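A.B. asks: What follows is a structure written as structure tokens; I'll ask about it next.
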Amino acid sequence: MANKIAAGEVVERPASVVKELMENSLDAGARNLEITVQAGGKRLIRVLDDGEGMTPDDALMAFERHATSKIRRAEDLSRIHTLGFRGEALPSIGGVSRLLMETRAEGERVGTAVEIAGSRMVGVREIARAVGTTLTVRDLFFNLPARKKFLRADRTELGHVVNVVTQYALAHPEGRFSLAGPGARQFDFQAVDPLRDRLFQVFGADLLRRLVELEEELPLPSHSGSPRDPRSGEKVRIHAFVSKPEVQKPNRQSLYFFVNRRMVRDRILMHALGEAYRRILPDGTFPVALVFIEMPFGEVDVNVHPSKTEVRFRRQSMIHDCLREAVRKALMEARPQAAFSIQPEGIEVEPTIVPETPGPRSPTWLSRSGRTGVAGTAPLPLTVGEPVPAGLEPRSDLQTPDGPAATDALPAPAPGRDPSPPICAAAALVSREQAEAIQAASSITISPAHIHPLGQIEDSFIVASDRGSLLIIDQHVAHERVLFEKVLRQRGQGRVESQRLLLPLIVELNPRQQILLDDLTPELNACGFEVEPFGRRTLAVKALPADLSASDCSRLLGELLEGLENEAREVSLERLQEKIAASVACHAAIKINTHLDRSKMVWLIDELLKTRYPMTCPHGRPVILRYEKNEILKAFKRI
Ligand code: ADP
Ligand code: MG
């Protein structure tokens, strides 16, 4: 019974078993971890390692509750250097599954196999095997039907497993991590050095290119407050990869923090990162960040929660400030130097930097759940393996054989092309005054009669000539501007073109979104949607604005609601209308990676020049870059 109860804490789902087993392997010094799962881990989980293994006695001992080889004295608890230390995982897992442990320690002639089913010892025998350990866990929760029922679809559980293995692989680049599922191999990350290479294996070159790497060391003051002898080597080391401002994610799922190689969810670190990105990212958007912190074991308490994902720092404000400053500095240094731009000097229109708001204020992404303060200790929830981070687009070789992506949390990019930039919907809108200022400041008058489209760059940017000058037009944001103004104009006239759907589209909502939606419905309906509640927590969409495709609609509503959830204050009707119009525009606009023939380019340029503010998209990004004839001549040294 005790084991079953403990299992409730330690074993939440297959991914939590995988996590505990991997931790044990790493604690045993393994460099090679081969993980196999079947049915998302519900039918089978196997973790094979080349660690130090166990003697026959230790193998039996491992299943005693609170039996751990990692803590010998109570003082050890204050300097935990291993991932495990509670001695709970194996008995707990053995309590809710059929478990087989096969192991051999260096120097032992034979290995040992121990079989456990629902906490009962089924058999012990000698076996032949290499040094190391293999744990096989079958039929998770076979004796707890109620828990078993709550496990999600295989694909979902597999997604969580993928996630947790990825996290550990990131924290331990010196190890090889392979994950095999039914049919095909999910991934196989060979041991690498440096860490950067592991990021490349996991996320690919595209994301890596948009990350800034930083390293920072901070000598620790001695306990009495005077600086300790620097040679003592007591230091906090921060090694991080943080995204450039152009990367904007709609949620926190791409934020990873590791303390002494343990993945943690920590509000102090989260807050520090938020401060570093203040006024760099629009409210309601989040960066991608992987933060690895190493510190003396005595500086951090990991014995806070059974899942060991929460920590307490001895010097929290010091760690907080150090991380914030390091990230700030790295972001400043990595500021892009615009090559050329139509924007005249003196006006700051760096697209992703939102204008300063008066007064000190934390970004809403921290205050959203009231977790702004540093002093409190309310934990951030972390289930082992949250959905695969939406921001960290996995490479195609991470995808499941039977479907597009490893979890249901990830929209599958169509092969070979980028999905449209998701950043628009979440980004902050520029105010009308700002758009006007930018407009007024760009003294160039552009007339459609003079513009000749020449072609596209990578099916994404229109290249055009304008009386000897060169124009590059971002086709997505150009169309976005066109649609944004169109929706707002039609809304103002009370006649938004709308299309009825043959079958209503069903969108799922969380309880908070359900509440938000009640306020939103009248305005949505005025903007060309026809939405009504449909059963519990679901919404039926019966009609859409004419430009929007049904497939974009549920994402749009999701992002819109998510954006509103992030709003600290109530939004005015006018702003709400703009937000809806911007969302519709973003989702309905021509995507990048879309081929346009000449007539479409001409049409788009015409439409763009008819708008009031053709120079900026609704979120303040530039639409047109211009290379003046003079500059071209100068560059070729003709003048
Ligand atoms: P903890 O990891 O907290 O010590 P566990 O229940 O996870 O507790 O494991 C119990 C003990 O079993 C560990 O302390 C370790 O001695 C041993 N053990 C478990 N897995 C392995 C492994 N893969 N290789 C070597 N020893 C292991
Ligand atoms: Mg353990």
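A.B. asks: From Ile116, Ile80, Ile71, which residue is within 13 Å of ligand 1 (Cβ to nearest atom) and within 31 Å of the chain's Cα centre (by Cα)?
C.D. replies: Being within 13 Å of ligand 1 (Cβ to nearest atom) and within 31 Å of the chain's Cα centre (by Cα) holds for just one of Ile116, Ile80, Ile71, which is Ile80.
A.B. asks: What do you reckon, is Leu604 in contact with a Leu (Cβ under 8 Å, 6 or more places away or on another chain), open to solvent by 40 Å² or more (accessible area, probe 1.4 Å) and in contact (Cβ under 8 Å) with a residue 40 or more places away in the chain?
C.D. replies: Considered against the rule, which asks whether it is in contact with a Leu (Cβ under 8 Å, 6 or more places away or on another chain), open to solvent by 40 Å² or more (accessible area, probe 1.4 Å) and in contact (Cβ under 8 Å) with a residue 40 or more places away in the chain, Leu604 comes out as no.
A.B. asks: Please find, among Glu126, Glu102, the residue that is within 14 Å of ligand 1 (Cβ to nearest atom) and among the acidic types (Asp, Glu).
C.D. replies: It is Glu102.
A.B. asks: Still on this structure, I have one more. Just to be sure before I move on: is Glu562 at negative phi, modelled with pLDDT under 85, of a type in the set (D, E, K, R) and more than 30 Å from the chain's Cα centre (by Cα) in the structure I sent?
C.D. replies: So Glu562 fails the test.
A.B. asks: Tell me the strands (runs of 3 or more DSSP E) entirely within the stretch 117-217 that contain at least 3 residues that are surrounded by fewer than 17 Cβ atoms within 10 Å (Cβ to Cβ).
C.D. replies: Once the strands (runs of 3 or more DSSP E) in the stretch 117-217 are filtered for at least 3 residues that are surrounded by fewer than 17 Cβ atoms within 10 Å (Cβ to Cβ), what remains is 120-127.
A.B. asks: Condition first: more than 8 Å from ligand 1 (Cβ to nearest atom), surrounded by fewer than 24 Cβ atoms within 10 Å (Cβ to Cβ) and closer than 19 Å to Pro173 by Cβ. Now tell me which residues in the stretch 27-46 satisfy that.
C.D. replies: Gly29, Arg31, Asn32, Glu34, listed by residue number.
A.B. asks: Now for a different question. Take Gly53 and tell me if it is within 14 Å of ligand 2 (Cβ to nearest atom) and part of a loop (DSSP other than H, G, I, E, B).
C.D. replies: So Gly53 does not fit the description; no.
A.B. asks: Pick from Asp518, Asp466, Asp459: which is at pLDDT 90 or above and of a type outside the set (A, V, I, L, M, F, W, C)?
C.D. replies: Every option except Asp459 fails the conditions.
A.B. asks: Kindly establish whether Ser16 is of a type in the set (Ser, Thr, Tyr), within 12 Å of ligand 2 (Cβ to nearest atom) and assigned by TED's automatic domain parsing to the domain that holds Ala130.
C.D. replies: Taking the combined requirement at face value, the residue satisfies it.
A.B. asks: Restricting to the stretch 280-326, give me the number of residues that are at positive phi and either touching a Ser or Thr at 6+ places or on another chain (Cβ under 8 Å) or surrounded by fewer than 16 Cβ atoms within 10 Å (Cβ to Cβ) (or both).
C.D. replies: Number satisfying all stated conditions: 1.
A.B. asks: Under 8 Å between Cβ atoms, which residue pairs at least 6 apart in sequence (or on different chains) link something in the stretch 319-331 that is under 20 Å from Asp301 (Cβ atoms) with a partner that is charged (D, E, K, R) and surrounded by fewer than 22 Cβ atoms within 10 Å (Cβ to Cβ)?
C.D. replies: Qualifying pairs under 8 Å: Cys322/Glu216.
A.B. asks: Output the number of residues of the stretch 446-505 satisfying the condition of being on the phi > 0 side of the Ramachandran plot and in contact with a strand residue (DSSP E or B) (Cβ under 7 Å, 6 or more places away or on another chain).
C.D. replies: 1
A.B. asks: If you scan the stretch 90-113, which residues turn out to be part of a helix (DSSP H, G or I) and open to solvent by 10 Å² or more (accessible area, probe 1.4 Å)?
C.D. replies: Within the stretch 90-113, Leu90 is the sole residue that qualifies.
A.B. asks: Does at least one position in the stretch 47-55 carry a residue that is in contact with a Lys or Arg (Cβ under 7 Å, 6 or more places away or on another chain), open to solvent by 40 Å² or more (accessible area, probe 1.4 Å) and farther than 20 Å from Gly118 by Cα?
C.D. replies: Within the stretch 47-55 (the criterion being in contact with a Lys or Arg (Cβ under 7 Å, 6 or more places away or on another chain), open to solvent by 40 Å² or more (accessible area, probe 1.4 Å) and farther than 20 Å from Gly118 by Cα), the answer is yes, since at least one residue qualifies.
A.B. asks: Within the stretch 84-91, is there a residue that is in the same structural domain as Phe177 (by TED's automatic domain parsing), in contact (Cβ under 8 Å) with a residue 40 or more places away in the chain and more than 15 Å from ligand 2 (Cβ to nearest atom)?
C.D. replies: No, the stretch 84-91 has no match at all.
A.B. asks: Here is a check on your reading of the model: is Glu174 under 33 Å from the mean Cα position of the chain (by Cα), away from ligand 2 (no atom under 16 Å from the Cβ) and acidic (Asp, Glu)?
C.D. replies: Yes: the conditions hold for Glu174.
A.B. asks: Can you name the residue in the stretch 59-83 that is part of a loop (DSSP other than H, G, I, E, B), without any contact (Cβ under 8 Å) to a residue 24 or more places away in the chain and over 22 Å from Glu115 (Cβ atoms) and, of all such residues, is farthest from ligand 2 (Cβ to nearest atom)?
C.D. replies: The selected residue is Arg73.
The values are calculated or read from the model by the stated rules, or taken from the named source; none is laboratory data. This is a predicted model, so every value here is computed, not measured. Don't worry about glycine lacking a Cβ; one is built from the backbone with ideal geometry, like all the others, and counts go over all protein chains shown. In case anyone asks, the SASA skips ligands and DNA or RNA and just uses the protein heavy atoms, side chains included. Shrake-Rupley method; radii C 1.70, N 1.55, O 1.52, S 1.80 Å.
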